[in-house]
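Trainee: This structure is in structure tokens; I'll ask about it shortly.
The values are calculated or read from the model by the stated rules, or taken from the named source; none is laboratory data. A quick note: this is a predicted structure, and the numbers were derived from the prediction, not measured. Note: ideal-geometry Cβ built from the backbone for every residue, glycine included; neighbour counts use all protein chains shown. In case anyone asks, the SASA skips ligands and DNA or RNA and just uses the protein heavy atoms, side chains included. Shrake-Rupley method; radii C 1.70, N 1.55, O 1.52, S 1.80 Å.
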Amino acid sequence: MPKYDYLVVGAGLFGATFAYEAAKRGKTVKVIEKRDHVAGNIYTKEVHGIQVHQFGAHIFHTSDQAVWDYVHQFADFNRYTNTPVANYQGEMYNLPFNMNTFSKMWGVRTPKEALAELNRQRSEMAGKAPQNLEEQAISLVGRDIYEKLIKGYTEKQWGQKATELPAFIIRRLPVRLTYDNNYFNDPYQGIPIGGYTQIVTKMLDQPNITVETGVDFFANRQVYEAEASRLLFTGMIDEFFNYQLGELAYRSLRFETEILDEDNCQGNAVINYTERAVPYTRIIEHKHFEFGKGEKGKTVITKEYPADWHHGDDPYYPVNNQRNNDLYKQYRALADKQAKDVIFGGRLGQYRYYNMDQVVRSALDLVAQEF
Ligand code: UDP
């Protein structure tokens, strides 16, 4: 008899949500995690009284009230609203694309004037259905904004030409004819007071959950698999199958964090550097996620560099183009045939560009199916 009802591989948000819900239903769960800490990429750590997002900025936002209520079991949230600013060759533009952006870009003052200019520039794409990210961007906001605020940022983030990227990536960004710099349209938004790590720690702190960090599933696969009746795998689905159908592509990131002896370095949590020549995509000043908390005279900033992914690097983003999505489907079919007792979940297991709320939603949907 296996020792546990479930083995969960990966202690990120998906794995932890599932483990918590399974434990609540009386199941025994073992969670193993390759890194030496839980919480996956939402991991935050306190430095000089500031919660540092160790794996990039994470801003919780959702339209799903049930998910919003759900995460509040594990943390209180502040009223942070994401209002990133773009720096293009030293010119500062508000994001997302709104009246502040249009006014700075074109000197327009009213929604009518902005719309006239937007429509003039969008007409370049008139009648054509956008086939790639570049065409999608131009049909959304026209060429000026595309060239200054989208092209460089996107091409360095994804390591590919905008003409070769799928259109859906840019559909994440709102376009507004109001002076509203809120990056998200969702009604609920905030940052957990005291950081994200506590959410996962509290989820996993149950009598029938055993957690082991710093252990690699692949180093001892047979032993781990024999320990539980069912397996939830939140790592890379292609690695699970030993890349037998070929490799899925991922993007990676590299972070450079600095502690500075000043109070306020950039005046905003997120500044995007949208020109191609600057090697990083954004600089995060962590204290501004928490309204200037932390020690006086200290601030922590992180530069985020996009990177090609090679074996052994941390995968951050699935690259959801046609080729990879087709390959993922083949892995899914293989999973249905060969791995009936294995569930694949999360950004890597499902090869989807999930936000945190979507991760929680899909874990809860899985729970509803499983129990
Ligand atoms: N984007 C852009 N310029 C910006 C910010 C975003 O062109 O200043 C585009 C880019 O294509 C990017 C997408 O919008 O891949 C989504 O960006 P977001 O910052 O929402 O992605 P995240 O990495 O935070 O998930």
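Trainee: Go ahead and set up a Gaussian network model of the chain, Cα springs under 10 Å, then flag whichever of Gln189, Gln51, Gln89 fluctuates most.
Mentor: Highest fluctuation of the listed residues: Gln89.
Trainee: State the extension gain, in nm to one decimal, for the chain segment bounded by Asn119 and Asp180, taking 0.36 nm per residue of separation less the distance between their alpha-carbons.
Mentor: Details: separation 61, 0.36 × 61 = 21.96 nm, distance 2.01 nm.
This chain segment gains 20.0 nm when fully extended.
Trainee: I would also like to ask the following. Need the full-extension length gain, Phe291 to Met1, defined as separation in residues times 0.36 nm minus the C-alpha distance. One decimal, nm.
Mentor: Details: separation 290, 0.36 × 290 = 104.40 nm, distance 5.21 nm.
Length gained between Phe291 and Met1: 99.2 nm.
Trainee: Can you pull out the GluC sites (Glu not before Pro) in segment 255-303 that DSSP calls coil and that have at most 10 other Cβ atoms within 10 Å? Write out the running numbers ahead of the final one.
Mentor: Working: sites: Glu256, Glu258, Glu262, Glu275, Glu285, Glu290, Glu295; in loops: Glu262, Glu275, Glu295.
Listed in order of number, the matching sites are Glu262.
Trainee: Now a separate question. With only Lys, Arg, Asp and Glu charged, each at its Cβ (+1 for the first two, -1 for the last two), find how big the charge dipole of the chain is about the Cα centre; round to the nearest 20 debye.
Mentor: On the way: 43 positive and 47 negative charges, 149 e Å.
In debye, rounded to 20, the chain gives about 720.
Trainee: Sorted by accessible area (1.4 Å probe), largest first, how do Tyr6, Tyr179, Tyr280 line up?
Mentor: Working: Tyr6 15, Tyr179 125, Tyr280 40 Å².
The most accessible residue leads, giving Tyr179, Tyr280, Tyr6.
Trainee: With a cut-off of 18 Å, note down the residues of segment 331-356 whose backbone N falls inside the zone around a label point 7 Å from the Cα of Glu370 toward its beta carbon.
Mentor: Zone members listed by number: 335-336, 339-352.
Trainee: Mind checking which of Ala22, Ala339, Ala219 has the largest fluctuation in a GNM of the chain, springs on alpha carbons under 10 Å?
Mentor: Answer for the Gaussian network model of the chain: Ala219.
Trainee: Quick check: with the 1.4 Å probe, what order do Leu95, Leu260 take by accessible area, largest first?
Mentor: Numbers: Leu95 10, Leu260 35 Å².
Ranked from most to least accessible, the order is Leu260, Leu95.
Trainee: Going 7 Å from the Cα of Arg254 toward and past its Cβ, which residues in segment 280-320 have a backbone nitrogen under 18 Å from where you end up?
Mentor: Once the point is set 7 Å along Cα→Cβ of Arg254, 280-284, 302-317 turn out to lie under 18 Å by backbone N, inside segment 280-320.
Trainee: How about Lys298: which aspartates and glutamates have a C-alpha closer than 12 Å to its C-alpha, ignoring those fewer than 8 places off in the same chain?
Mentor: Within the straight-line limit of under 12 Å, Lys298 reaches these aspartates and glutamates: Glu258, Asp261, Glu262, Asp263, Glu285.
Trainee: While we're looking at this one, here's another question. Just to be sure I understand the model, the point goes 7 Å from the Cα along the line to the Cβ. What's the resulting Lys298 to Asn208 distance in nm?
Mentor: If labels sit at Lys298 and Asn208, their model points lie 4.2 nm apart.
Trainee: Pick from Ala75, Ala19, Ala116: which residue has the top mean-square fluctuation in a GNM of the chain where Cα pairs under 10 Å get a spring?
Mentor: It is Ala116.
Trainee: If you rank His37, His286, His72 by how much accessible surface each has, with a 1.4 Å probe, what is the order from largest down?
Mentor: Values: His37 30, His286 0, His72 70 Å².
Reading off the accessible areas and sorting them downward yields His72, His37, His286.
Trainee: Still on this structure, please answer the following. Output the pairs from Lys27/Lys337; Lys202/Lys337; Lys202/Lys329; Lys104/Lys293; Lys104/Lys303 with a Cα-Cα distance over 29 Å in this structure; if there are none, say none. Can you show the working numbers first?
Mentor: Values: Lys27/Lys337 26 Å; Lys202/Lys337 35 Å; Lys202/Lys329 34 Å; Lys104/Lys293 31 Å; Lys104/Lys303 26 Å.
Too far apart for the 29 Å limit: Lys202/Lys337; Lys202/Lys329; Lys104/Lys293.
Trainee: How much length, in nm to one decimal, is gained on full extension between His72 and Gln330, taken as 0.36 nm per residue of separation minus their Cα-Cα distance? Numbers along the way, then the final one.
Mentor: Values: separation 258, 0.36 × 258 = 92.88 nm, distance 3.74 nm.
Taking His72 through Gln330 to full extension adds about 89.1 nm, to one decimal.
Trainee: Next up: Provide the FRET efficiency to the nearest 0.05 for the Asp263-Asp314 pair, computing r from the beta carbons and using R0 = 35 Å. Mind showing how you got there, number by number?
Mentor: Numbers: r = 32 Å, r/R0 = 0.90.
Once rounded, the FRET efficiency stands at 0.65.
Trainee: Also, quick follow-up: Quick one: if you stick a label point 7 Å off each Cα along the C-beta vector at Asp64 and Ala129, how many nm between them?
Mentor: Calculated label separation equals 2.9 nm.
Trainee: Under a straight-distance cross-link criterion of Cα-Cα below 20 Å, which aspartates and glutamates are reachable from Lys156, leaving out those fewer than 8 residues away in the same chain?
Mentor: Excluding near neighbours in sequence, the set is Glu91, Glu134, Glu135, Asp144, Glu147, Glu164, Glu256, Glu275, Glu304, Asp308, Asp313, Asp314.
Trainee: Oh, and also: Counting trypsin sites (Lys or Arg not before Pro) as exposed when in a DSSP loop with at most 14 other beta carbons within 10 Å, what is the longest stretch of the chain free of them? Kindly include the intermediate steps, with their values, before the conclusion.
Mentor: Values: sites that count: Lys3, Arg25, Arg79, Arg109, Lys128, Lys161, Arg276, Lys296, Lys340.
The longest such stretch corresponds to 162-275.
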